[in-house]
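The numbers here are math on the coordinates, done by the rules we state, and not lab data. Everything numeric in this text was worked out from a predicted model, so none of it was measured. Backbone-built Cβ (ideal geometry, glycine too); neighbour counts: all protein chains shown.
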Amino acid sequence: MATLSSVGISGSGLDESVITKLVAVQKQPITDLNSRTDAIKTKLSTYGQIQSALSTLRDAASKLTNPSTWSGSKTATSDASVAIATASSSAVGTVSLSVSQLASAQTLAGPTLSGPTATLGQGTVTLELGTWGTDSGGATTFTSKSGTTPTSVSIAAGDSLATIRDKINGAGAGVTAAIVTDATGSRLTLTSSQTGETNAFRVTVADGDGNSGDASGLSQLAYDPSGSVSQMTQTLPAANARALLNGLPISSESNTLSTAIDGLNITLLKASSPPATATIAVTQDQDAIKKAISDFTTAYNAINQLLRNQTKFDASSLSSDKSADAQKQAQLQRLSSLQGDSTAVGILNQLRGIMGGATSLGGSLNRLSDLGLAPGTDGNIPTSSTKLDTAMSKLDDLKKFFMGIDSSNDSNSGFATRIRSTVDAMLGTDGSVSSRQTAIQKQIDANNKEAGKMQDRADAMEKQLRQQYSALDQTYSKYSNLATYLTQQLSKLSS
């Protein structure tokens, strides 16, 4: 846009600041409106904080209304080197355990070769899962595992030990292969994928050299004691875990006992001879309940303090100095962005009303004060107390105190139940928080639209003023030139 200098106004003596001042006066309402919009944006931001704090409170209340919170168990083992255990809600008590044998997976080792690139020849290796046993005459027997079929792996003449390993691992036979290398050379090892007696396996070979029973070629991988062909060496048998559980003998294909005692999951770690006895104590997890209550009160205190700070007004702190008073007022507006906001005040009063109320569902526990958790003058609640520790001995009453439901009178339901349903309503699509956020956003949008219109008017006025001043400058310049001409002519006449 042209300046006064560019149109010659400054050269003609006309003052450019006149336009600047007039435009500034026109734009002052825009500045004022933007300041009000910024304050409204602060309100919207504060409601975002309220929404987040309420969500945290709802989650904490939901934890206290979840039955699993009140029925959780914890375990302690007298000798953690023997076994570790976890418990579900149904298991409470003491269990004695002694382990004589851990479950193991059958492991075989082949002959020592020069290295992973060594070859054994061609043919077919067949792996079959099952159980080793003995017949009445003492001969070794093998019974195939029900539901499984033998898996055959084709080996080419040039396949190295490493290639044989990879082919077996890719066959899905329930057996894993590995190569163990030391100073003497490399050996192929085969291990059952699962522990237990029924997960043993045998290896039969169809050797490409025509002799499947000798100790050369691919036959070196054979293992079948029931057929008297065993070139591989068994380093670990397939075995079940064996233990005494409360004096009763237990056999398990796995070292994890998940069904021996309902609700108790035991992992066996060490066997000994004679077996050492470990005690597993299962108790109700009261620490988890205390934490859930503490989290609930902490979440309530957070939203209570937030609403209290954002809605308060401390007139007594204002200075008699008007300028200082204005500064303090601005500070209070920043600190208490929701001062006078009926929705925020209503939320605070609603929550305080619940926490200051009572329920008849908790037996001898009716109010938060019965737990030593009475709200203070600021509305905040202690997060723990000795009374709460005492109330843990009345878990059924305490549970109903928080999560009880009175279908005939909602206001008599447990504290956590009421808080959860109340906050759910506040945060719902048509709830007080969502509705207020929508209204505030509409106000911001309207202000921004109005500010845009005001800016357009100010720009138009500035353009008009500059056009008028430009025309004035041209007129001034024309008459100034005429005056100069007349002066020159008069000067000639006088001379």
Just one of (i) 22.9; (ii) 24.8; (iii) 32.6 is Kirkwood radius over Cα pairs in Å as worked out from the coordinates here. Which one is it?
(iii)
Along the Cα-to-Cβ line of T112, 7 Å from the Cα, sits a label point; which residues in segment 179-195 have backbone N less than 16 Å from it?
180-189
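I want the local charge near N412. Using Cβ-Cβ distances under 14 Å, sum +1 for each Lys or Arg and -1 for each Asp or Glu among the other residues. Could the numbers behind the result be given before it?
Working: positive: R367, K400, R418; negative: D406, D410.
Charge balance in the 14 Å sphere: +1.
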Sequence order, segment 204-210: Karplus ³J(HN,Hα) from phi using 6.51 cos²θ - 1.76 cosθ + 1.60, θ = phi - 60°, Hz rounded, Gly and Pro as x, gives 10, 10, 9, 6, x, 7, x
With respect to the cross-link table entries K63/K394; K41/K453; K291/K442; K43/K449; K270/K290; K21/K478, which display a Cα-Cα separation exceeding 30 Å?
K291/K442; K270/K290
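What length, rounded to one decimal in nm, is gained on full extension from D378 through to A39, with 0.36 nm per residue of separation minus their alpha-carbon distance? List each step's numbers first, then the result.
On the way: separation 339, 0.36 × 339 = 122.04 nm, distance 2.64 nm.
Length difference between fully extended and current span is 119.4 nm.
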Take peptides 467-479, 38-50 and line them up by average Cβ neighbours within 10 Å, highest first, as a rough protection proxy.
38-50, 467-479
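Could you tally the net charge around Q443, taking each other residue with its Cβ under 14 Å from the Cβ of Q443, Lys/Arg +1 and Asp/Glu -1? Mind showing how you got there, number by number?
Numbers: positive: R36, K41, K43, R436, K442, K449; negative: D38, D341, D445, E450.
Local net charge: +2.
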Near the amide H of A276, under 5 Å away, which other amide H atoms are found, from residues 5 or more places off or on another chain, if H is placed in the peptide plane?
V99
Under 5 Å, built H, 5+ apart or other chain: amide partners of A222:
Q231, M232
Using a basic spin-label model with each label point 7 Å from the Cα along Cα→Cβ, how many nm lie between T259 and L486?
12.2
Search the structure for amide H atoms under 5 Å from the amide H of V175, placed 1.01 Å from N in the peptide plane, and list their residues when 5 or more places away or on another chain.
S193
Could you go through segment 220-233 in sequence order and give the Karplus-derived ³J(HN,Hα) for each residue, using 6.51 cos²θ - 1.76 cosθ + 1.60 with θ = phi - 60°, rounded to whole Hz, and x for Gly and Pro?
5, 9, 6, 8, 7, x, 5, x, 6, 10, 9, 7, 7, 10
Mind checking which helices in the chain clear 15 Å along their axis (Cα) and have mean Kyte-Doolittle hydropathy of -1.0 or more, DSSP H runs only?
17-64, 286-311, 342-355, 415-427
Can you tell me, using C-alpha contacts under 8 Å and at least 6 residues apart, the relative contact order of the chain as a whole percent?
22
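Just to verify a number: FRET efficiency for L465 and T31, C-beta to C-beta distance, R0 = 30 Å, to 0.05? Show your work: numbers first, answer last.
Values: r = 19 Å, r/R0 = 0.64.
Plugging the Cβ-Cβ distance into 1/(1 + (r/R0)^6) gives 0.95.
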